[in-house]
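The values are calculated or read from the model by the stated rules, or taken from the named source; none is laboratory data. Since the model is a prediction, treat every value here as computed from it, not as a measurement. Cβ coordinates were reconstructed from backbone atoms using ideal geometry, including for glycine residues, and neighbour counts include every protein chain displayed. For accessibility, only protein heavy atoms count, side chains too; no ligands or nucleic acids. Shrake-Rupley method; radii C 1.70, N 1.55, O 1.52, S 1.80 Å.
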Amino acid sequence: MTTASATIALDTLGRVFGYDSFRGDQAEIIDHVIGGGDAVVLMPTGGGKSLCYQVPSIVREGTGVVISPLIALMHDQVEAMKAVGVRAAFLNSTQDPAQRAEVEQAYLSGQLDLLYVAPERLSAESTKRFLAQGRIALFAIDEAHCVSQWGHDFRPDYLALAELAERWPDVPRIALTATATEATHKEITERLSMGRAKHFVASFDRPNIQYRIDSKNEPRRQLLSFIRNEHSGEAGIVYALSRNTVEKTAQFLVENGVDAMPYHAGLDAGVRARTQSRFLRDDGVVIVATIAVGMGIDKPDVRFVAHVDLPKSVEGYYQETGRAGRDGAASTAWSRSGSTTPSAPGASARS
């Protein structure tokens, strides 16, 4: 990497994203990828992973192709990029033929900085042939733990992403995840053929999040008391295991004056989209969601994450609680006793 390239990256950070400096390993990761190197990045939720591929995608010639597992998250990310002037788009099943054609033409004519696609779409030969007609700046494999059968969110189509190295050997790849068990880290490296990649493992300590477990009593009343007494009028996410519990908990909170909305896979896609949009846009909204949905929402000022039911893995618990306090301000991860409690927050990241 040249000093000139580092200067361009820092200028892009300030001009586009409004930050004065990189933090942690971001500068080194970005320098490495801009220079054409592969990278495996293990960084906590809220640690700034996205900038590690967004900045190189803007700086390098061509379009950064981002593989993302959630359609809703793609939409949010594209809208966020457009809001700061980045030329971004996605290709997924929600688009009609005319919309897809418009995005494809923008890519082929070099008018996109970032293009988001799902792993299922990228595994199709027709998509690969299409991408080969344009100029690719890099491949960013987000939520890379989905390639690992040790992970809690395994996606078979991620296994096909190893072919990217064979098909585009000169295009840098960056795999990113906040799930950092030793087994997952090893499997990401092997299954994505990233043996030559440089590895970056950031500290998984989140000192701004207070982890709390209250003794079991009346769970909904306890939750309401927690929100009223500690986070009244603030944004939060409440996780539950079943759709029924989600619906009843959201209704209970609304009846008691909390601006809450349910979110689960059984709801109409339009309802889910409107719920996510309002949560991102408005202040003080609480979403009650099933753990299975994943809630891939990048909202910096989530002041609390509460679990009325705990996820089945430490990785899931860590990722979900990590959605609190992405802005670095004081936040709370609250749960109640009575369920099997995962080991200490971040334990999986340190193993």
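Brief remarks on what is shown
- Being within 19 Å of residue 47 (Cα to Cα), part of a helix (DSSP H, G or I) and among the hydrophobic types (A, V, I, L, M, F, W, C) is a condition met by no residue of the stretch 291-305.
- Restricted to the stretch 140-247, the set of strands (runs of 3 or more DSSP E) holding at least 1 residues that are of a type in the set (A, V, I, L, M, F, W, C) and open to solvent by 40 Å² or more (accessible area, probe 1.4 Å) comprises 198-201, 209-214.
- Residues located in the stretch 93-120, provided they are within 22 Å of the chain's Cα centre (by Cα) and surrounded by 16 or more Cβ atoms within 10 Å (Cβ to Cβ): 112, 113, 114, 115, 116, 117, 118, 119, 120
- All positions within the stretch 9-63 that are in a helix (DSSP H, G or I), of a type in the set (D, E, K, R) and free of Cβ contacts under 8 Å to residues at least 12 places away in the same chain: 11, 15
- The set of residues in the stretch 54-80 being hydrophobic (A, V, I, L, M, F, W, C) and touching a Lys or Arg at 6+ places or on another chain (Cβ under 8 Å) consists of 72 alone.
- Count of the stretch 79-113 residues which are part of a loop (DSSP other than H, G, I, E, B), in contact (Cβ under 8 Å) with a residue 40 or more places away in the chain and touching an Asp or Glu at 6+ places or on another chain (Cβ under 8 Å): 1
- Residue identified as crowded, with 18+ Cβ neighbours inside 10 Å and either in contact with a strand residue (DSSP E or B) (Cβ under 7 Å, 6 or more places away or on another chain) or closer than 30 Å to residue 270 by Cα (or both) among 22, 17, 90: 90
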